[in-house]
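A.B. asks: Please see the structure below; I have some questions.
The values are calculated or read from the model by the stated rules, or taken from the named source; none is laboratory data. None of the values given here were measured: they were computed from a predicted structure. Methodologically, a virtual Cβ is constructed for each residue, glycine included, from the backbone with ideal geometry; neighbour enumeration extends over all protein chains shown. Heads up: the accessible areas ignore ligands, DNA and RNA and are worked out on the full protein's heavy atoms, side chains in. Shrake-Rupley method; radii C 1.70, N 1.55, O 1.52, S 1.80 Å.
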Amino acid sequence: MFSEIRTMNTNEKVPEYFYIFTGRNPDSLYSQIEKYNIGLRDGTIISNGFQQMFSMNNPKVFLTGDVDYLPYIKNPDYFGGVSPFNRRIVERYSIEYNLEVYRLQHYRHYPSRFSGLFAFGDYETCKNISNKYPKIWKLEDCMKYKLKDCGVYNEYIKVVKTNYNIIGFLEHLGYGESIFGNEAVYDAYWKGQGNLKRAAYSEKGIVLPERKVGARYEYIIEGILECSGKAVD
């Protein structure tokens, strides 16, 4: 039943409302186009994978996860990071690439970060983020959504609960080209876990303090979200 949809990884009942900052990064042209398109659909948002599923000859492959969402694959002849700029560019995509490869290897049927919608499950989390980064995460742009009942297509709805802080944790590890060595971190992400830490490191002038990651949850959704208006206290 639609009312009993649960998260695929934690088996929790999905929140009644989801929260999305629809006007995030207002200086970005893409963000403005996205906000305009949402307005044309009366606030309705549909995930890319769910939308594509309707035109598939065999939509069951969407359920099993036998779909390739990776826009680029790694070059086996890549020379290596030879400049700070090179490293920064490669590292950020490598994080997403490794998370996706790990998902394909271990949780193939889960929604992909390359395809799903990202939303928070409570307004308190949104306020905390906005208080910390008020110029980017503006509460006036935070909208409230409900998961749409899609009838016979409800079986294709996918929701996982993930720890948003792990993404920042991976960004601060200082490397990310290889999935090896970080398996526990990627696994914790797809399981929606927290309580991770990086040990302190100091050698040859390089000092990295111990870094811990707490839990701040967001949801990845394959489905349709209908706007219920602005998220206000």
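A.B. asks: Restricting to the range 74-108, and then to whatever is in a loop (DSSP other than H, G, I, E, B) and under 19 Å from the mean Cα position of the chain (by Cα), can you tell me which residue is surrounded by the fewest Cβ atoms within 10 Å (Cβ to Cβ)?
C.D. replies: Selected residue: Arg108.
A.B. asks: Given (1) touching a Ser or Thr at 6+ places or on another chain (Cβ under 7 Å); (2) at pLDDT below 75, identify the lone condition not met by Cys227.
C.D. replies: Here Cys227 clears every test but (2).
A.B. asks: If Lys148 satisfies all but one of (1) modelled with pLDDT of 80 or more; (2) over 20 Å from the mean Cα position of the chain (by Cα), what's the number of the condition it fails?
C.D. replies: Result: Lys148 fails condition (2) only.
A.B. asks: If I go through the range 128-166 residue by residue, how many of them are assigned to a strand (DSSP E or B) and of a type in the set (Phe, Trp, Tyr)?
C.D. replies: 1
A.B. asks: Of everything in the range 174-183, what is modelled with pLDDT of 70 or more and crowded, with 16+ Cβ neighbours inside 10 Å? Give them in sequence order.
C.D. replies: Within the range 174-183, just Asn182 meets the criteria.
A.B. asks: Looking at (1) in a helix (DSSP H, G or I); (2) crowded, with 18+ Cβ neighbours inside 10 Å; (3) in contact with an Asp or Glu (Cβ under 8 Å, 6 or more places away or on another chain); (4) of a type outside the set (Ser, Thr, Tyr), which is the one condition that is false for Pro111?
C.D. replies: Tallying (1) in a helix (DSSP H, G or I); (2) crowded, with 18+ Cβ neighbours inside 10 Å; (3) in contact with an Asp or Glu (Cβ under 8 Å, 6 or more places away or on another chain); (4) of a type outside the set (Ser, Thr, Tyr), Pro111 fails exactly one: (1).
A.B. asks: Using beta carbons and a limit of 8 Å, which pairs, at least six apart or on different chains, have the first residue in the range 141-166 and farther than 17 Å from Gly116 by Cβ and of a type in the set (Lys, Arg) and the second one open to solvent by less than 20 Å² (accessible area, probe 1.4 Å) and at pLDDT 95 or above?
C.D. replies: Final answer for the pair search is Lys144/Phe18.
A.B. asks: Out of the residues in the range 185-215 meeting the condition of being surrounded by 10 or more Cβ atoms within 10 Å (Cβ to Cβ) and among the hydrophobic types (A, V, I, L, M, F, W, C), tell me which one is modelled with the lowest pLDDT.
C.D. replies: My answer is Ala200.
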